[in-house]
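Just below is one structure, and these are the notes that go with it.
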Amino acid sequence: MPKQILVEVPDELTERDIKIAIAIQLFKEGKLTMKQASELADLCLEDFMKLLSEKKISVINWDERELQKELGNANSF
């Protein structure tokens, strides 16, 4: 079951702004997958990817082990 929290924020921030900011940060930290983050932000996956790109955030969020595995796979070609 999803958690609900109550946070006071400045009036100039919209609920949408906050959801997007949280989704981006949790994605960057590797705590959410891109799909989970896009759902939290109430955006389709494509729009979330575009938003990440606009903010110069890589859509590839691999740790070192995953990167080494992918590089190994690429070298097998």
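None of the figures in this text is laboratory data; all of them are computed from the coordinates on show. Here the structure is a predicted model, which is why all the values come from computation and not from measurement. Backbone-built Cβ (ideal geometry, glycine too); neighbour counts: all protein chains shown.
Helix 45-54 axis versus longest C-alpha principal axis of the chain: approximately 90°, rounded to the nearest ten.
Please work out the FRET efficiency for the pair GLU66 and GLU39, using the Cβ-Cβ distance as r and a Förster radius of 25 Å; give the result to the nearest 0.05. Efficiency, from the Cβ-Cβ distance: 0.70. Positive-end ranking of ASN73, GLN36, GLN4 along the dipole of the chain, with charges on Cβ about the Cα centre, is headed by ASN73.
Just subtract the alpha-carbon distance of GLU29 and ILE5 from 0.36 nm times their residue separation and send over the number in nm, one decimal. Kindly include the intermediate steps, with their values, before the conclusion.
Values: separation 24, 0.36 × 24 = 8.64 nm, distance 1.98 nm.
Value of the extension gain: 6.7 nm.
Cross-link reach is defined here as a Cα-Cα straight distance under 17 Å, omitting same-chain residues fewer than 8 places apart; for LYS55 the lysines meeting it are LYS19, LYS28. Near LYS56, which aspartates and glutamates are there with a Cα under 19 Å away, not counting those fewer than 8 places off in the same chain? Excluding near neighbours in sequence, the set is ASP17, GLU29, GLU46, ASP47.
Identify the trypsin sites (Lys or Arg not before Pro) of segment 14-46 meeting these criteria: DSSP loop state and at most 12 other C-beta atoms within 10 Å of the C-beta.
LYS31
Pick out, in residue order, every one of the GluC sites (Glu not before Pro) in the chain that is DSSP loop and has at most 11 other C-beta atoms within 10 Å; say none if there are none.
The qualifying sites are GLU8, GLU12, GLU29.
What is the log10 of I(q)/I(0) for segment 15-75, computed with the Debye formula using one identical point scatterer on each Cα and no solvent, at q = 0.12, 0.16, 0.30 Å⁻¹? Debye curve over Cα of segment 15-75, log10 I(q)/I(0) at q = 0.12, 0.16, 0.30 Å⁻¹: -0.31, -0.51, -1.23. Were the residues from LEU13 through ASN73 laid out at 0.36 nm apart, the gain over their Cα-Cα distance would be 17.2 nm. Relative to the dominant Cα principal axis of the chain, helix 15-28 is inclined by about 30°.
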